[in-house]
Every structure is written in structure tokens, then in C-alpha cells.
Amino acid sequence: MRSPFARFLVRRVVTALLLAVGITLVTFVLTNLVPGDPAAANLGQRALGDPAIVAQWRSDHGLDRPLPQQYLMHLAGLLHGDLGTSQQSHRPVLDDLAQSVPATLELAGAAILVSLVLGVGFGVVAALRRDRFADHVLRVLSLIGISVPTFWLALVAFYVFFFRLQVTPGSGRIDPGMTPPPQVTGLYTVDALLSGRWEVFSSAVGHLAAPALVLALYTIGLLTRFTRSAVLEVLGQDYVRAARAKGLPGRVVLFRYVLRPALVPIITVAGLAFGSLLSGTVLVEAVFAWPGVGQYAYKSATTLDLPAVMGVGLVVGVVYLVINLVVDVLYGVIDPRVRVS
Amino acid sequence: MKRGGLFGRTRVSRLPQAWRRPLAVVGVVVALVWIVVALAAPVLAPHDPLAQELPRLAPPGPGHWLGTDQLGRDILSRIMYGARVSIPLTLLLVALSVVVGGLLGACAGYFGRWVDETIMRLADLVFAFPTVILAMVVAAALGASLGNAVLAVLVVAWPAYARVTRGLVLGVREREFVLSGRLLGFSAWRSLRVDVLPNVTGPVLVLATLDIGTALLLLSGLSFLGLGAKPPSPEWGAMVAAGVDVFDSWWVATFPGLAILTVVLAFNFLGDTLRDALDPRTARAIKERAL
Amino acid sequence: MKAESRTAALTIEGLRVSIGDQEILHGVDLTLEAGRVHGLAGESGSGKTMTGLAVLGLLPHGSRTSGRITFGGRDLLGMPAGELNKVRGAKVAMVFQDPATSLHPMLTVERQLTEHMRHHLGIGRKEARERAAGLLAKVRIPGPEEALGRYPHQFSGGMRQRIAIAVALACDPEVLIADEPTTALDVTVQAGILRLLRGLCDDLGLAVLLVTHDLGVMSAVADEVSVMKDGLVVETGPRGRVLREPDHPYTRSLLDALPVPPGENSP
């Protein structure tokens, strides 16, 4: 094959595909772990009374076939977009999810941006000012950041900033009574900008602020800690000392010799951080009435709507997989040594 | 002039320097306080945590220092009894993860080949999901109960330990004393137990201490979602969930959350200090001389 | 013996270094002359590497220094960072022990050769590239043009050290400090590197400080030898005299510890 980079890419994509199959296997196995009859879970009360209907349903869904065959049917269904039907909404899970994904993307996107800027920034400062006052303060703050229960913080923030102080707008993505901007990306902020509707834009940003910050706290703490240790690790390396021996100006040494190698572990953590953000949405969206995947997952979990829960697990798992693939590829771009391994 | 080594080499102090940091002290004190509360709750708690005898949704005040919930139960007492639920379970959870993950990882590292492959692929699969999502999915599949929630967190937690132990075992496996043990006729199991494992426990312990906080957050998170403790159990996450509907009675959700926060913080302070103390790099940097 | 007057390129007087509460160097004196290789020998912990690092102000976090390091009529120890940066790389350069870790893993060879060249000498990209290729040729890297586009991990240990030496020479420095340049390399490759260093010293009139624990290396290339023990120079003199008729008992014990007397296994 042509370049080592292309080979590297192909290898990563193949691994990702295999993992994706693994994810479907996991959700399939878990669905079949559920004690109780899936027919009972999916059919209405009256239908359950009639054995013929039940038998028909079971045969339709291949429940009388051997497990491996059921898995293949399941897989085929997935590829056709059949993720089952939600017991709550009685709509296909896929539709429910498709509707809620943009909202979560917007929230998680805002949160990861804030986390990266603040987290990496604080981490670098803490490393460069090692053992001085700023370092100690940042370390304690980041420790607190990763110790706060997200669901609790969401409640507290909502109570304090909305209910008591009336500083942030209430639930939802924009003010009630305002119509959402024409849909291009599904992200209200971006769409509002694209159609020049400033009031909608500022309303959307206002509503985004509180949940995004709550969501970001944990990842800011995580990224600060990690960046600090990654940068310290690099600062101790011979090549940094050699760079200073060459008389290169401080800024060059910082960016080219310290930050660039440190970026590699930082990007890994950023990928993990995004995963924890996705997790966090489950705990945060419900409180802020943010109509995203998290809220859907929350409702499904609290009502034990299994098809929906599995659907969420599957979709989120795949999204996370894609993110990690992107991270892997970025490695290869930044660090040429990785392409050979 | 005195030399304060990181491990107190000279007779300066009996406590290693790292432990004299304020963070570690705070961490130990808070953790101990909670453990005492958990042990002595039946004696310390002013009210029965399940009794619904007090005025409902009463704000903090005399007789109910942290307020009461919508069923007239004293929140302070419930938090104290909640410690008896959350803390032992979390510690058990981490211990189980260490044992299961550690054993699997050690086997993977030691025996290699297909054992290694299978275990690592399983670990990859778990890592492919964001933690809460996977825990949520497993807990939902198994059925909502505290025991199943513990299992769900276990499923999510073991791979980290497996990876670490595997790496450590791989590092130690090729060392002379292990090889000579095998040459002397030790069986693989004996070699693993006697030569390899003792060298692996240090870093794993640090990881475990830092993990206690994460485990508690996950466990209470699952209970918050209704996938863990069932009412009327005074589990902290479930208590916060109960506070969602009556959020203008802020005390119902705030205090249990604070309880979680303080416990997690205490163990994180502890774990961080442990890690600094045991980090060979920091120790080496202090001993660094001209070479 | 030749009676040429030699110019002292760099002089270290009474150098003391402390890290934390420990005093590492207790007053080191050393003189480097242009066109001569000065070997600095000693065991681990003697302070020889610290001496080299002190010249360029590269001591670890939290170090304190006193004494004088004179170069070009100025004291390097007291110099502010901005001034020192103009000396580093341009006038005084350093080669480190392990080229696997002292070269940036993610930058091409060309970049690592030219970045300080362009910074100190202000030359353009094309000219820098030509100079870089010339430098690689001077250190005997085969195929210098292609080598420029590769990364350090694509070369063998010996080649990497040659590249590191080329990097050090990029701005025509007057002084070269080589800290254990052959220790991390295979025995078969060491001789070549030493020959290279000796050749460069003679051709370019460099003042070379060669720090090493290996007396065999010393005997192969050094003109002057200083022996360090516990942060002090215990003996100094021409190589032949020191290695054959040492004054100090410590030097004698070092020599006695060798399996083969130095001077009998020069490359």
C-alpha cells in the first residue's frame, strides 16, 4: 500500500468496525438477559391474553429460532435502522433518537469546547508554575471538579441560578414562545446565526450556558489534572533540555517542544472526556428539560423502557467509537512514530 | 543541615513528607468521620430514618437539623443511615473490581496468547462505551436493584484494573527472579502468586483509592436514575432524585448530594497524596544528583 | 612540547552548585582552549554532568549557583536569560548522552537542524537547508538530502548521535560540550563518533569539553584531562601525564580499576 499513514488509517478503521459489531453483540446479549418474556414487554394486555397472537409475535421476531440466528436477524434489523419500539412513546426508537440527537450534540459540543479551552489552559499554567500558588489552587479546584456529583450540581445550579437568582433562563433550549430557527444543522445556535436571527441566537446561548457549564465541570477538572501531568512529563524530557541548549526562545520551546508532544496524551483524555460528557448528559438534561438523548435516556431508564435503553446504548456506543477513531487518526497526524506501530 | 527525604530517610520525621500536606490530612479526617458515622448511625441518628412522623418538607431547624422530606422523614438521620449503605457498598465494589480485574489482567499478562487476546478484547468492548451509559444499560437489563447496580458498576470498572495489572505483570514476568523460579520447577500458578503479584500491588492500590470516589459517583448516579436502591432505602443518590420534584424545598436534594461530595473528595485527596508519595519519578527527582 | 600560546575559550572558576539543601559542586575550576579536547572524567555522582549543564544554565528546577564562568569576556552565570539564549546554541553548544531522547521525536531532521540556525543567524529557508545538508555530509551521514526529510526514529543509534552533533555545530559555535556522547551507543559505533569529534575539533578549532566516565574514551581523544570526585576537580593536566603518572590517589585508583591500561586500545 502507498504510505504508512494510509495503512495506519485502514487498520484503525477496521478495528473500529470490529468494535462496532462487538457493541451490537453486547446490546443483543443484554436484551436477552432480561428475565421475563419479551412478548410481554412488547404487546399490550389484551394481545397477551390470546395465545395465537403471542405465538405469531414470537415467530415474527424469531424468538423460536436458535440464538445465533436471532443475533443475525437483530444485526440485519439494525442495519435497516430498526432499533425496536419504545414502550413509552410507542414510536420507533430510531425516530425518537434522531429527534433528540441535535440537542445533545449542541450541548455536548459547547461543553467540550469550554472544557478543552479551560481544562488544557489551566493544566498548562499549573505545570509551568509548578509548586507555586497558582499550581496549588488549580490542583485543589480540579480535584473538587472531579468529585462533584453531576446530577446534584445540575439541581443546585438550576435552583440557585434560575429559581433564586433569576440569572439564567429556565428550561428548554430557547425562550418559550420563541420559534426555533429554520433547521440546517439542528443546532439552534448555529442555525440562528445562519439565518441572522439574533434574538434567537442570544436566547439559545443563554439557555445553553448553565447546563453546558455544569456538564463541563467534571471534564475541566479531568483535563486540568491530566494536562498538568502530561506537560510535566514532557518538561522533564531530554529533548526539551536540548531545545533550550540550542538557544531557542521560550515560546518556541513551549509550543513546539512541550505542547506538541504533550498533545498526544491530552487528546486521548479529550476523547475519554467526551465520553464522560455523553454520560453526563443523562444526568443533566432532565433537570434542565433539555430535549436531548440524555433526557430520553433518563426517561427510558426511570421507566425501564428496555428497547429505548438499548437503543441509546447502541447509538451512544457507536458515536463514541467514531470519536475515538477520530482521536486515533489525530495521533497519527501529530506523532509520526505512531504510524509505524 | 537536615534532609527531608520523601520517605523520611533521615531521622527528620516519622511521617513521610507527603503526608504532612494539608490535603491528605483533610482527606483522612473526613473519611474517618464518615466511617464513624456509618458505624455509629443507630446511636448517633436523632430519628428513625424510615419513620414518617415529622412535619413534611420542613426546612432545616431544631429537631430536624437538615430538614425533612415529602414523607416527613428526617433528612439528617437518613443521611447517616445512608452512609451505612453507600460507603460499605462502594468499598466492596472497588475491592471486587480490583480482585476480578486484577486477576484477569494478571492472567492475561502472565499466560499470554489467546487468554490475553480474549481478555483484552473484552476490556476494549467495555471501554468502547461511556461509563454511565454502559452501567445504565447493564443495570436496566438486570433489573433495578442495588445489587444489580453494584454488578453493573463492576462490569464497567474491572477493565481498568485488568489493563494496569497486565502491564505490570508483563514488565515483571521477564525478570530474573521469576525466570529462575520457573527453572527451579515452580508451577505457573505458584510463580504468579509468589513472585509476580506482590510486585504489582502498589500501583493498583493507588488506582483503587482514586477509584473509590468514581465508584460512589457511579453508584449514586445509577440510584438517581432509579436503577439502584429502591425506596425507602436511604441511599444518597436516590435521596437526591427524590428532591427533584420538590426542588424548591432545596434541602431535600442538597444535603445528600453534599454527603456524596464530601466522601468522594476525601478519597480523592487521599488517593492523590498516595500517588504523589509513591510516584517513583517524584522521589527520583528529589534524589537527583550529578551523574 | 609546542610552545604556542593557547587562548582560553571558556574558563570555569570556583563553581558551586546546590540543589535544595545539597551542595553538588564545591568549587570547580576548569579551562577550555580552542582546538583542544578537554576530557572531564569521574564516576557517577562526581558532578561532571552538572558542570557541563551549569555552563549553559540548564541545571534542574530549584538549583543555586555561585562562582564564575567566563566566555568572551562575560560571566555566563550572572547573565539574564535573554542574553544567555543568544549564547546557547550559537556560541556554546551541547551534545547529550542519548540521541534517542535528545532529538525531538516529531520533527524532521531538517527542522531540527535549521530551526536554531534560522533563529540565531537569520538566514532564509533555502540557505538553511543547504547548510543543513552540508552539515550532515560533514558528520558523514550517507544521503544527506533524503536524510533531511526523515525522522530521528528512522535512524540507527550511531547515526542519530551524528545528527545530534550536526545540530550542535549548526551555528558554528566556539565551544562544544559533549556529555557522555558515546555511552548510549554500541561499542562498535563508539570509535567512529570519537574520531568524528576529534576531527571536528582539529578542523574547526572548537574547544571541546568531553564529559565521560570511560577512561578509555578519554585516552583516545583528549588533550587535557581533569578528574572529578565528589564535586571537585582533584587532578588536571595533559592526557599522557595524567593517565600514565597520576598525582592524585583517586586517579590512580580509577586507573587501577581498568582491566586494560588506557592508551593500549586507542582506535
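The values are calculated or read from the model by the stated rules, or taken from the named source; none is laboratory data. It should be emphasised that the depicted structure is a prediction, and the values quoted were computed from it without experimental measurement. Heads up, the Cβs are rebuilt from the backbone with ideal geometry, glycines too, and the neighbour counts pull from every protein chain shown.
Quick one: which residue in C:ARG140, C:ARG150 is closer than 19 Å to C:ARG195 by Cβ and among the basic types (Lys, Arg)?
Values: C:ARG150 fails: closer than 19 Å to C:ARG195 by Cβ.
When all the criteria are applied, what remains is C:ARG140.
Given the structure, is C:SER226 polar (S, T, N, Q) and surrounded by 20 or more Cβ atoms within 10 Å (Cβ to Cβ)? Reasoning before the result, please.
Details: polar (S, T, N, Q): yes; surrounded by 20 or more Cβ atoms within 10 Å (Cβ to Cβ): yes.
Against the criterion (polar (S, T, N, Q) and surrounded by 20 or more Cβ atoms within 10 Å (Cβ to Cβ)), C:SER226 qualifies.
Of these, A:SER276, A:SER300, which one is buried (at least 24 other Cβ atoms within 10 Å of the Cβ) and in contact with a Leu (Cβ under 9 Å, 6 or more places away or on another chain)? Quick ask: steps written out before the conclusion?
Numbers: A:SER276 fails: buried (at least 24 other Cβ atoms within 10 Å of the Cβ).
None of the other options fit; the residue is A:SER300.
Between residues in the stretch B:220-232 that are over 19 Å from A:VAL309 (Cβ atoms) and touching a residue at least 60 places away in the same chain (Cβ under 8 Å) and residues that are surrounded by fewer than 20 Cβ atoms within 10 Å (Cβ to Cβ) and of a type in the set (A, V, I, L, M), which pairs lie under 6 Å by C-beta distance while being six or more apart or on different chains?
Here the result reads B:PRO232/B:LEU50, each pair linking the stretch B:220-232 to a residue that is surrounded by fewer than 20 Cβ atoms within 10 Å (Cβ to Cβ) and of a type in the set (A, V, I, L, M).
Quick one: which of C:GLY35, C:GLY57, C:GLY45, C:GLY78 is more than 25 Å from C:PRO238 (Cβ to Cβ), in contact (Cβ under 8 Å) with a residue 60 or more places away in the chain and in a loop (DSSP other than H, G, I, E, B)? Lay out the reasoning, then the answer.
Numbers: C:GLY35 fails: more than 25 Å from C:PRO238 (Cβ to Cβ); C:GLY57 fails: in contact (Cβ under 8 Å) with a residue 60 or more places away in the chain; C:GLY78 fails: in contact (Cβ under 8 Å) with a residue 60 or more places away in the chain.
Testing whether each residue is more than 25 Å from C:PRO238 (Cβ to Cβ), in contact (Cβ under 8 Å) with a residue 60 or more places away in the chain and in a loop (DSSP other than H, G, I, E, B) leaves just C:GLY45.
Conditions tested, residue by residue: (1) at pLDDT 90 or above; (2) part of a loop (DSSP other than H, G, I, E, B); (3) hydrophobic (A, V, I, L, M, F, W, C).
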residue	(1), (2), (3)
C:ALA93	yes, no, yes
C:GLN97	no, yes, no
C:ALA100	no, no, yes
C:LEU107	no, yes, yes
C:ALA137	yes, no, yes
C:GLY158	no, no, no
C:VAL167	yes, no, yes
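Between residues in the stretch A:244-262 that are within 7 Å of chain C (Cβ to nearest Cβ) and within 18 Å of A:VAL125 (Cβ to Cβ) and residues that are among the small types (Gly, Ala, Ser) and buried (at least 17 other Cβ atoms within 10 Å of the Cβ), which pairs lie under 7 Å by C-beta distance while being six or more apart or on different chains?
Cβ pairs passing all conditions: A:TYR257/A:ALA243.
Quick one: how many residues across the stretch A:271-311 are part of a loop (DSSP other than H, G, I, E, B) and either within 10 Å of chain B (Cβ to nearest Cβ) or farther than 28 Å from A:GLY77 by Cα (or both)?
Quick first cut of the stretch A:271-311, residues part of a loop (DSSP other than H, G, I, E, B) only: A:285-292, A:303-305.
Restricting the remaining residues to those that are either within 10 Å of chain B (Cβ to nearest Cβ) or farther than 28 Å from A:GLY77 by Cα (or both) gives A:285-290, A:303-305.
Adding up the residues that qualify gives 9.
Given A:LEU138, A:LEU222, A:LEU215, A:LEU153, which one is in contact with a Gly (Cβ under 6 Å, 6 or more places away or on another chain), aliphatic (A, V, I, L, M), closer than 30 Å to B:PHE269 by Cβ and crowded, with 16+ Cβ neighbours inside 10 Å?
Working: A:LEU138 fails: in contact with a Gly (Cβ under 6 Å, 6 or more places away or on another chain); A:LEU222 fails: in contact with a Gly (Cβ under 6 Å, 6 or more places away or on another chain); A:LEU153 fails: in contact with a Gly (Cβ under 6 Å, 6 or more places away or on another chain).
Result: A:LEU215 is the single residue among A:LEU138, A:LEU222, A:LEU215, A:LEU153 that is in contact with a Gly (Cβ under 6 Å, 6 or more places away or on another chain), aliphatic (A, V, I, L, M), closer than 30 Å to B:PHE269 by Cβ and crowded, with 16+ Cβ neighbours inside 10 Å.
Name the residue, out of B:VAL115, B:VAL100, that is among the β-branched types (Val, Ile, Thr) and crowded, with 16+ Cβ neighbours inside 10 Å.
Result of the check over B:VAL115, B:VAL100: B:VAL100.
Just to be sure I understand, how many residues within the stretch A:136-165 are at the interface with chain B (Cβ under 8 Å from one of its Cβ atoms) and small (Gly, Ala, Ser)?
So the count comes out to 1.
With B:GLY72, B:GLY109 as the choices, which residue is in a helix (DSSP H, G or I) and either within 30 Å of A:VAL315 (Cβ to Cβ) or away from chain A (no Cβ under 12 Å) (or both)?
Working: B:GLY72 fails: in a helix (DSSP H, G or I).
Within the list B:GLY72, B:GLY109, the selection yields B:GLY109.
Quick grid of which residues meet (1) under 18 Å from the mean Cα position of the chain (by Cα); (2) facing chain B (nearest Cβ under 9 Å):
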| position | (1), (2) |
| --- | --- |
| C:THR7 | no, no |
| C:ARG16 | no, no |
| C:ASP21 | no, yes |
| C:VAL28 | yes, no |
| C:THR31 | yes, no |
| C:GLY39 | yes, no |
| C:THR49 | yes, yes |
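When residues of the stretch C:109-123 are filtered for being touching a helix residue (DSSP H, G or I) at 6+ places or on another chain (Cβ under 8 Å) and in a loop (DSSP other than H, G, I, E, B), how many remain?
Within the stretch C:109-123, residues that are touching a helix residue (DSSP H, G or I) at 6+ places or on another chain (Cβ under 8 Å) and in a loop (DSSP other than H, G, I, E, B) number 1.
Name the residue that is modelled with the lowest pLDDT, counting only residues in the stretch A:70-97 that are in a loop (DSSP other than H, G, I, E, B) and polar (S, T, N, Q). Talk me through it step by step, then tell me what you get.
Kept after step one, since they are in a loop (DSSP other than H, G, I, E, B), are these residues of the stretch A:70-97: A:80-84, A:86-91.
Remaining after also requiring polar (S, T, N, Q): A:86-89.
Numbers: A:SER86: 74, A:GLN87: 70, A:GLN88: 73, A:SER89: 75.
My answer is A:GLN87.
Is at least one residue of the stretch B:115-124 part of a loop (DSSP other than H, G, I, E, B), of a type in the set (S, T, N, Q) and either more than 26 Å from B:GLU235 (Cα to Cα) or more than 10 Å from chain A (Cβ to nearest Cβ) (or both)?
Our first condition is that a residue be part of a loop (DSSP other than H, G, I, E, B); within the stretch B:115-124, this holds for none.
Checked against the condition, which is being part of a loop (DSSP other than H, G, I, E, B), of a type in the set (S, T, N, Q) and either more than 26 Å from B:GLU235 (Cα to Cα) or more than 10 Å from chain A (Cβ to nearest Cβ) (or both), the stretch B:115-124 yields no hits at all.
Take C:GLU130 and decide whether it is surrounded by fewer than 22 Cβ atoms within 10 Å (Cβ to Cβ), closer than 25 Å to A:ARG337 by Cα, charged (D, E, K, R) and at pLDDT 90 or above. Break it down stepwise before answering.
On the way: surrounded by fewer than 22 Cβ atoms within 10 Å (Cβ to Cβ): yes; closer than 25 Å to A:ARG337 by Cα: no; charged (D, E, K, R): yes; at pLDDT 90 or above: yes.
Here the answer is no, as C:GLU130 does not meet what is asked.
Being farther than 30 Å from C:LEU53 by Cβ and touching a residue at least 40 places away in the same chain (Cβ under 8 Å), is that true of even one residue in the stretch A:227-241? Lay out the reasoning, then the answer.
Here is the first cut: in the stretch A:227-241, the ones farther than 30 Å from C:LEU53 by Cβ are none.
Scanning the stretch A:227-241 turns up no residue that is farther than 30 Å from C:LEU53 by Cβ and touching a residue at least 40 places away in the same chain (Cβ under 8 Å).
Within the stretch C:146-160, which residues are without any contact (Cβ under 8 Å) to a residue 40 or more places away in the chain and over 22 Å from the mean Cα position of the chain (by Cα)?
Once the filter is applied, which keeps residues that are without any contact (Cβ under 8 Å) to a residue 40 or more places away in the chain and over 22 Å from the mean Cα position of the chain (by Cα), the stretch C:146-160 yields C:GLU146, C:ALA147, C:GLN154.
Have a look at C:GLY72, C:GLY39 and point out the one that is out of contact with any Phe, Trp or Tyr (no Cβ under 8 Å at 6 or more places or on another chain) and surrounded by 22 or more Cβ atoms within 10 Å (Cβ to Cβ). Walk me through it before giving the result.
On the way: C:GLY72 fails: surrounded by 22 or more Cβ atoms within 10 Å (Cβ to Cβ).
Result of the check over C:GLY72, C:GLY39: C:GLY39.
For the condition closer than 18 Å to A:ARG225 by Cβ, at pLDDT 85 or above and either in a helix (DSSP H, G or I) or not aliphatic (A, V, I, L, M) (or both), what is the one hit in A:VAL240, A:VAL258, A:VAL264?
Values: A:VAL240 fails: closer than 18 Å to A:ARG225 by Cβ; A:VAL264 fails: at pLDDT 85 or above.
Sole residue among the options that is closer than 18 Å to A:ARG225 by Cβ, at pLDDT 85 or above and either in a helix (DSSP H, G or I) or not aliphatic (A, V, I, L, M) (or both): A:VAL258.
Applying the selection to the stretch C:75-92, what residues are facing chain A (nearest Cβ under 7 Å) and either of a type in the set (D, E, K, R) or surrounded by 24 or more Cβ atoms within 10 Å (Cβ to Cβ) (or both)?
Within the stretch C:75-92, C:LYS86, C:ARG88, C:GLY89 qualify.
Would you pick out the residues in the stretch A:98-134 that are surrounded by fewer than 18 Cβ atoms within 10 Å (Cβ to Cβ), in a helix (DSSP H, G or I) and within 14 Å of chain C (Cβ to nearest Cβ)?
The one that is surrounded by fewer than 18 Cβ atoms within 10 Å (Cβ to Cβ), in a helix (DSSP H, G or I) and within 14 Å of chain C (Cβ to nearest Cβ): A:LEU128.
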